[in-house]
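Only one structure is covered here, and it is reproduced in the block below.
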Amino acid sequence: MSVPPDDEARIEAKLREIDATIADLQRQRRQLLEAKSALNRSTVSEPSTEQQQQPEFSEKALEKAFNMLEWNEFKKKEGEWAFLRTRDGDLVEDLKPIAGFIDQLRRGRRLAVGRYEYVASEDKFLNRYPRSPNRS
């Protein structure tokens with residue numbers, strides 16, 4: 001059976017596309033398995049009382065650390081963002097004194113400090129949004 005050259009080229013292109021998709025899905029699967037493994041390790045290694053032993057940070061200390069960051073306005077929504085990590089993946093120097101607080105944000109919490117609510121994004125960015133006037 002002979003396949004016309006146009007069909008063969010189209011089939012080869014589709015096979016390359018499928019191979020690229022498979023490779024991407026395998027990479028995503030690997031990343032998810034690594035994240036799941038890290039979560040399991042942290043859950044096993046951290047006693048449940050550790051959250052109760054989290055150091056308390058004064059609002060003044062938190063605001064001081066946050067004010068040291070270089071904030072950038074979002075283009076399409078209200079709020080600002082700053083880098084959470086350096087290019088090497090380390091926590092930004094100004095945030096190191098409040099690393100425990102940052103860990104809470106990295107776990108998906110949205111916490112209010114002063115006039116803003118803070119949330120971590122993609123473990124790379126720190127976002128802040130103005131609090132509603134009716135919240136204290």
Looking at the structure I just gave you, is residue 78 more than 20 Å from residue 104 (Cβ to Cβ), exposed (fewer than 10 other Cβ atoms within 10 Å of the Cβ) and modelled with pLDDT of 90 or more? yes
Pairs returned, first residue in segment 28-41 that is closer than 15 Å to residue 122 by Cβ, second residue that is at pLDDT 80 or above, beta-carbon separation under 9 angstrom, 6 or more apart or interchain, are none
A careful count of residues in segment 108-126 that are surrounded by 17 or more Cβ atoms within 10 Å (Cβ to Cβ) and of a type in the set (Gly, Ala, Ser) gives 1
Could you tell me whether segment 61-71 includes any residue that is modelled with pLDDT of 85 or more and among the acidic types (Asp, Glu)? yes
If you take the residues in segment 62-111 that are among the aromatic types (Phe, Trp, Tyr) and in a strand (DSSP E or B), which one is nearest to residue 125 (Cα to Cα)? 83
Return the residues of segment 114-136 that are at pLDDT 90 or above and closer than 17 Å to residue 94 by Cβ; say none if nothing qualifies. 116, 118, 120, 124, 125, 126, 127, 128
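The values are calculated or read from the model by the stated rules, or taken from the named source; none is laboratory data. Fair warning: this is a prediction, and the values are worked out from it, not measured in the lab. Quick reminder, even Gly has a Cβ in these numbers, built from the backbone with ideal geometry, and neighbours come from all protein chains shown.
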